[in-house]
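> Before anything else, here's the structure in question.
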Amino acid sequence: MNGSLVRLKRALNESVTPCTIQWDSTAQDGLEDLAVPWRDMDAMFIGGTTSWKLGPAAAGLAAQARRRGLWVHLGRVNSLRRMRYAQAIGCHSVDGTFLAFGPDRNLPTLLRWLGELHAPQVHGVSDPRCVTDADRVGHSPSGTSSGSSTT
């Protein structure tokens, strides 16, 4: 195992809390308008379209899931900006394909991102360039949807 993979394994071991997930619900576009089966869930997986999962409905569902003690996971996270967003809305974990495409090139970048996310915080923000309110809700200041599928 090369040194980069050893560093990744150590970083993941230090940041991941072991859990057993028995049943989860994939939160997708429109779930905010339905009766969510909270009592039947052990975790919430946030998926759906990019504009929805970066919007206020997904953030609200993540907050409700956290208040209920559920594990919250965000799918299709392939950038530091998206990782910061997941952290900002209270996700416990993320997934993405960033490492699969060019692992030798992308592993050092991913390790740097993890280091930035776990850096000591000042006033609750680890980096002043952190996610803005517009990024957090997935809309530009003018109120138009950013709807980009870039992760």
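Quick note: the coordinates plus some simple rules give every number you see, no bench work behind them. This structure is a prediction, so every number in the text was calculated from the model and none was measured. Every residue, glycine among them, receives a Cβ derived from its backbone with ideal geometry; neighbour counts consider all protein chains shown.
> Going by C-beta contacts inside 10 Å, put Val94, Val72 in order with the fewest on the left.
Ordered from fewest to most neighbouring Cβ atoms within 10 Å, Val94, Val72 come out as Val94, Val72.
> Under 5 Å between amide hydrogens, which residues at least 5 positions from His118 or on another chain qualify, with H placed 1.01 Å from N in the peptide plane?
It is none; the list stays empty.
> Another one. Would you please give the residues with an amide H less than 5 Å from that of Ala27, counting only those at least 5 places away or on a separate chain, with H modeled from the backbone geometry?
The answer is Phe45, Ile46, Gly47.
> Okay, next question. Only counting other Cβ atoms within 10 Å, I'd like Trp38, Trp52 sorted with the fewest neighbours first.
Trp38, Trp52
> Which ordering of Ile46, Ile89 is given by a fewest-first count of other beta-carbon atoms within 10 Å?
Fewest-to-most Cβ neighbours within 10 Å comes out as Ile89, Ile46.
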